[in-house]
Structure formats: C-alpha cells, structure tokens
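The values are calculated or read from the model by the stated rules, or taken from the named source; none is laboratory data. These numbers come from a predicted model, not from an experiment. All Cβ positions, even for glycine, are placed from backbone atoms using ideal geometry, and neighbour counts span all protein chains on display.
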Amino acid sequence: MLAVTFALVLVAMGTWSLATPLFAAPDEPVNVIKAAAVVRGDLVGELVGGATSPMGIVTVPAFYAGTRNVPACYHRQPTVPASCAPAVAGGSAPVRVTIYTARYPPLYYALVGLPSLLGTGDAEVYLMRLVSAALSAFFVAVAVTVAVTWSSRRIVVGGILVAATPMVLFLGSVVNPVGLEISAAIAVWTAGAVLVLEHLAEPPPALVATLAGSTCVLELVRALSPFWVALTALALVSLTSRDALRDLVRNRSVKLGLVAVVVVGALASAWILAERSYDVYSTTVVPMGVPESTILEYSFFHNDYYLPGMIGVFGWFDTYSPTFTYVVWYGLVGFVTFAAATVARLRDALTLLAVAVAIVVVPVAISTSQVHRYGYTWAGKDTLPFAVGLPILAAALVGRSSLAAHSRRLVGIVALSAFLAQAAAFFEMLRRYAVGTHGPDFGFLEHAAWRPPTGLVSVLVVELAALGASAVLAYAVVRAKVATAPGDARDMPPGASHELA
C-alpha cells in the first residue's frame with residue numbers, strides 16, 4: 001500500500017511541478033537560493049539588518065542568484081500569462097545574494113538542494129521540485145498506509161482525502177518547506193488518531209514508531225512546527241482519559257517514541273530560538289497608533305482570505321480555484337465534521353469543536369500579536385499543518401459510530417467529489433498561466449502563450465489519471481474492508497455502541 005499510494009501521489013504532485021511555471025510559487029526563488037546555499041554548507045550566511053532581521057547574504061552559483069526576479073512580470077497579476085517571464089541568466093560562478101529565509105531551519109533545504117549540485121539550469125530546479133514532491137508524497141502515503149494497516153475504520157482514508165486539498169498538492173510540488181510540513185502533519189494526525197482511538201491498550205510498536213518518526217520530521221521543518229506538534233498532541237490527548245493515558249505512556253515503545261520526540265523538539269526549538277527563525281520579512285508594518293480593536297477586527301475578517309488559502313489559492317496567492325472547488329471542499333469538511341460531532345461522545349465532540357475553533361482563532365491571535373513588527377503576514381497555508389487534522393479526526397470519530405456501516409458509500413461520495421474539485425482547480429491553474437484569467441476557458445489548450453515543458457494536454461491527462469486512480473484506490477480499500485465484515489456492525493470496534501454520546 002505504501003508503494004502504490006506513494007507512486008500515485010508523487011505523480012499527482014510531480015505533474016503539478018511541471019504545470020506550475022518555475023518560481024511561480026510563494027517565496028520559491030528565495031527558497032531555491034536557500035537550498036542551493038545550505039547544500040553547499042552555507043546554513044545561514046552573513047546576517048544583515050540587525051538582530052531581528054531575517055535577512056542574510058549567502059553564496060550560490062550565479063544561476064540560482066538570478067532567479068529572484070523571474071516571476072516579477074506576472075507576480076500578483078493573474079491576467080498576465082507566464083510567458084512574459086525571462087530566462088534565468090547566469091552560470092556556475094559563485095556570487096553573493098541577499099535572501100529573507102536565511103534563518104529558517106535547514107533540514108528541508110539540505111534535502112531539496114541536492115539536485116543543485118548537479119549543475120545550473122532549469123532541469124536542476126525541476127529536480128529540486130521533484131525531491132520536494134517525493135518527500136511530501138511519502139508522508140501522505142504513510143498516512144494512508146497507517147489507516148489501512150492499523151485502523152479497523154478505513155473511513156479514515158476518506159478523511160485523508162479531504163485533508164489533501166488542492167493546496168496541499170500544489171505546495172508539495174514546489175520548493176517551499178510548508179509542503180513537507182503539511183504532509184508530515186497529515187501523517188502525524190492520522191497515526192495519532194488511530195493510536196488514541198483504537199490502540200490505547202496495546203499500541204503496536206510499528207504504529208508508535210511511525211507516529212514518532214513523522215512527528216520528529218514535522219518538528220524540524222519550519223519555525224512554528226514545534227508549536228503545531230504541541231497543539232496537535234493536546235487535541236489528541238484530550239480524546240482519552242487520564243488513566244488510559246497513564247497506561248499508554250508506560251508502554252516501552254511509547255516511552256522511546258516520546259524521548260525521541262522530546263529530544264528532537266528541543267533541538268529544533270534551540271535552533272529556532274537561537275537563529276530567530278520566526279522573524280519574517282515584511283514591508284507593511286502596522287503603525288503603533290492603530291487601535292487594538294481595529295487590528296483584531298481586521299485580523300478576524302481576514303479569515304475570508306485564510307480559509308480559501310487552505311483549499312487552493314495558487315501562485316503568489318493570486319490564482320484562485322473555481323468557485324466549484326471551494327463549495328465542494330467546504331461541503332466535505334462541514335459534512336464530515338458535523339457528522340462526527342453528532343455521533344461522537346461528548347468529550348470527542350468538544351475536542352472536535354475546539355480544533356475547529358482553533359483553526360479560526362489561532363491565526364488571528366498570532367497575526368494580531370505581531371502586526372506592529374511584521375504586519376499581516378499570515379496566509380492560509382500557514383494554518384494547514386493543524387487544519388488537516390479536522391477532517392482526519394472527524395472521519396476517525398465517524399468510524400467508531402453506527403455510521404461506519406455506510407463507510408463504502410460515504411468514501412465513494414468523498415472520493416468522487418474530491419476528484420472533481422481537484423481536477424477543476426488544476427485546470428484553472430493551467431489556464432491562468434497559459435493565457436491569464438481573462439483568456440479563453442478551453443481554447444487555451446491549443447493556443448497558449450505559455451506551456452509547461454511537456455505541453456498542456458499531456459500534464460492535464462496525467463493529472464486527471466493520477467487523481468482518478470487515487471480516488472478509485474481510496475474507494476477500493478474501504479470497500480474491501482467493509483466486504484470482510486458481517487452485518488451492521490462492520491467496521492465497528494468492540495464496544496463501540498457504548499461510546500456514543
């Protein structure tokens with residue numbers, strides 16, 4: 001299951017990599033430079049601008065230094081196709097360049113930067129994207145494998161489908177550490193939910209190791225990653241009683257996993273605090289004289305920007321998915337969450353509600369507290385490492401209720417809806433870069449100003465095939481599980497009828 005799912009997700013993300021113009025993703029030029037610097041041993045470079053500045057000067061081949069202004073002609077101009085972008089100039093001669101990601105944790109960049117050692121050209125950048133896609137695809141595949149291997153409620157697979165929004169595929173396909181952060185979080189939420197809701201008494205060592213390993217990787221990716229780990233742990237722990245939790249931590253494999261998570265978390269936090277990785281680049285600082293009530297109101301109503309950004313706002317946050325995609329995804333999240341809250345125990349329903357509220361409130365709190373230093377810098381992608389837990393947790397709770405008897409039908413609806421919404425988002429993204437948002441709806445496939453290296457039709461066909469195969473696989477694994485369980489109690493663990501609120 002791991003290999004099959006990995007291959008399908010990698011093809012889906014890899015096709016996004018080809019279909020998105022180079023450097024057309026948020027902060028991709030400076031992330032490419034950072035990766036090329038880290039893999040050459042320049043972890044933070046020469047810091048400039050003072051103790052609280054994220055700026056640093058690094059040394060990289062001239063080609064990578066020349067990527068900074070490539071998307072400028074269509075950056076945040078969705079009506080302009082990507083054909084206006086110039087070719088990157090420069091060769092292998094080392095040059096110094098200033099970036100605003102100098103202090104960021106180095107793990108992701110050390111891995112993604114490896115292809116840059118092969119040479120200086122577009123091919124190496126595409127390979128960097130492919131490495132990034134492989135890392136993200138692996139952890140999504142881990143999540144699916146956990147649901148299939150250790151859960152008696154394979155409806156959790158449906159929760160993973162909902163968690164893997166078009167934005168997840170997009171961010172996983174480009175050079176940006178948030179893609180790995182989100183995918184690792186999907187694995188953490190899935191393994192954590194399956195462990196806490198199904199295996200508290202006798203936790204399988206392999207499941208514990210998967211959870212601990214995914215958590216350790218998540219902690220090392222970005223400045224807020226340890227914070228998301230702590231918030232996720234709090235949500236999962238709240239699903240169980242104190243006595244059950246005490247028995248769990250007495251397990252030897254759990255003890256070892258906790259030690260690993262704590263040690264890695266401490267090391268990650270030490271880097272983040274020492275290097276001030278949480279400092280971000282901004283040119284729109286809010287003056288001190290602005291009333292706090294105004295700041296809070298603006299931040300709260302900015303959720304109409306954050307929430308779509310978790311589903312699919314591509315490019316430099318200038319390319320929106322079709323309305324159809326948003327309607328479908330809001331519907332899927334709302335349905336699975338409402339269903340879970342209706343059938344779950346009171347404790348579980350309150351936890352689910354707390355997670356939903358935190359998705360809205362935490363970004364507002366963080367953004368509001370930092371506006372005088374950084375301005376309004378938060379984006380929907382920044383919440384996704386926590387937000388992906390809502391549909392996964394909700395699906396796991398649905399699986400322990402009488403609704404589990406309808407797993408096959410429910411996952412079938414989710415898989416078909418997600419396929420259509422994903423396909424619509426990918427198609428719109430292609431159109432935007434090929435001819436701009438004012439261009440023709442379908443004629444651009446033959447008469448495009450910009451085309452990916454393999455052509456428009458080929459990437460569209462491959463992406464549809466990968467998305468379709470993923471939907472069929474999700475339905476098949478749930479159907480296979482349901483078919484093996486007799487009567488109306490199929491997919492329900494022993495004693496599930498006593499757990500309903």
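Key figures
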{"quantity": "Among the candidates ALA201, ALA212, residue that is of a type in the set (A, V, I, L, M, F, W, C), modelled with pLDDT of 95 or more and either on the phi < 0 side of the Ramachandran plot or surrounded by fewer than 24 Cβ atoms within 10 Å (Cβ to Cβ) (or both)", "calculated": "ALA212"}
{"quantity": "Among residues of the range 197-223, those that are over 26 Å from ASP382 (Cα atoms) and either among the hydrophobic types (A, V, I, L, M, F, W, C) or out of contact with any helix residue (DSSP H, G or I) (no Cβ under 9 Å at 6 or more places or on another chain) (or both), counted", "calculated": "8"}
{"quantity": "Residue under evaluation THR59, criteria (1) touching a residue at least 40 places away in the same chain (Cβ under 8 Å); (2) in contact with a Lys or Arg (Cβ under 6 Å, 6 or more places away or on another chain), criterion not met", "calculated": "(1)"}
{"quantity": "Residue match in the range 303-317 (condition: hydrophobic (A, V, I, L, M, F, W, C), touching a strand residue (DSSP E or B) at 6+ places or on another chain (Cβ under 9 Å), within 30 Å of PHE23 (Cβ to Cβ) and not in a helix (DSSP H, G or I))", "calculated": "yes"}
{"quantity": "Positions within the range 137-187 being more than 18 Å from VAL313 (Cβ to Cβ) and within 9 Å of the chain's Cα centre (by Cα), in sequence order", "calculated": "LEU180, SER183, ALA184, ALA185, ILE186"}
{"quantity": "Members of the range 209-227 that are of a type in the set (A, V, I, L, M, F, W, C), touching a Leu at 6+ places or on another chain (Cβ under 7 Å) and either in a helix (DSSP H, G or I) or more than 22 Å from ARG276 (Cβ to Cβ) (or both)", "calculated": "LEU211"}
{"quantity": "Counted residues, the range 25-53 - those being assigned to a loop (DSSP other than H, G, I, E, B) and crowded, with 24+ Cβ neighbours inside 10 Å", "calculated": "1"}
{"quantity": "Residue in the range 112-122 that is surrounded by 24 or more Cβ atoms within 10 Å (Cβ to Cβ), of a type in the set (Ser, Thr, Tyr), under 26 Å from TRP378 (Cα atoms) and modelled with pLDDT of 95 or more present", "calculated": "no"}
{"quantity": "The range 89-111, subset buried (at least 18 other Cβ atoms within 10 Å of the Cβ) and either of a type in the set (Lys, Arg) or touching an Asp or Glu at 6+ places or on another chain (Cβ under 9 Å) (or both), residue farthest from PRO54 (Cα to Cα)", "calculated": "TYR108"}
{"quantity": "Sole residue being surrounded by 24 or more Cβ atoms within 10 Å (Cβ to Cβ), within 18 Å of ALA394 (Cβ to Cβ), at pLDDT 95 or above and among the β-branched types (Val, Ile, Thr), chosen from ILE186, ILE155", "calculated": "ILE186"}
{"quantity": "Residue that is surrounded by the most Cβ atoms within 10 Å (Cβ to Cβ), among those in the range 417-439 that are more than 21 Å from the chain's Cα centre (by Cα) and in contact (Cβ under 8 Å) with a residue 24 or more places away in the chain", "calculated": "TYR433"}
{"quantity": "Long-range neighbours under 8 Å by Cβ, at least six apart or interchain, first residue more than 14 Å from PRO205 (Cβ to Cβ) within the range 236-252, second in a helix (DSSP H, G or I) and among the acidic types (Asp, Glu)", "calculated": "LEU239/ASP348"}
{"quantity": "Breaking point among (1) part of a helix (DSSP H, G or I); (2) over 15 Å from the mean Cα position of the chain (by Cα); (3) surrounded by 22 or more Cβ atoms within 10 Å (Cβ to Cβ), for LEU231", "calculated": "(3)"}
{"quantity": "Selection status of VAL142, in contact (Cβ under 8 Å) with a residue 12 or more places away in the chain, among the β-branched types (Val, Ile, Thr), touching a helix residue (DSSP H, G or I) at 6+ places or on another chain (Cβ under 8 Å) and over 14 Å from ALA396 (Cβ atoms)", "calculated": "yes"}
{"quantity": "Those residues of the range 297-312 which are polar (S, T, N, Q) and surrounded by fewer than 19 Cβ atoms within 10 Å (Cβ to Cβ), in sequence order", "calculated": "ASN303"}
{"quantity": "Every residue from the range 265-289 that is over 25 Å from the mean Cα position of the chain (by Cα) and either assigned to a helix (DSSP H, G or I) or without any contact (Cβ under 8 Å) to a residue 60 or more places away in the chain (or both)", "calculated": "ALA274, GLY289"}
{"quantity": "Residue in the range 440-490 that is modelled with the lowest pLDDT, counting only those that are surrounded by 15 or more Cβ atoms within 10 Å (Cβ to Cβ) and among the charged types (D, E, K, R)", "calculated": "ARG490"}
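Residues checked against (1) farther than 20 Å from ILE311 by Cβ; (2) crowded, with 23+ Cβ neighbours inside 10 Å; (3) free of Cβ contacts under 8 Å to residues at least 60 places away in the same chain:
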site: TYR374; (1), (2), (3): yes, no, no
site: ALA379; (1), (2), (3): no, no, no
site: PHE386; (1), (2), (3): no, yes, no
site: GLY412; (1), (2), (3): yes, no, no
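Residue-wise test of (1) under 26 Å from GLY309 (Cα atoms); (2) among the aromatic types (Phe, Trp, Tyr); (3) touching a residue at least 12 places away in the same chain (Cβ under 8 Å).
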position: MET13; (1), (2), (3): yes, no, yes
position: LEU22; (1), (2), (3): yes, no, yes
position: LYS34; (1), (2), (3): yes, no, yes
position: ASP42; (1), (2), (3): no, no, yes
position: LEU47; (1), (2), (3): no, no, yes
position: SER83; (1), (2), (3): yes, no, yes
position: GLY90; (1), (2), (3): no, no, yes
position: ILE99; (1), (2), (3): yes, no, yes
position: TYR104; (1), (2), (3): yes, yes, yes
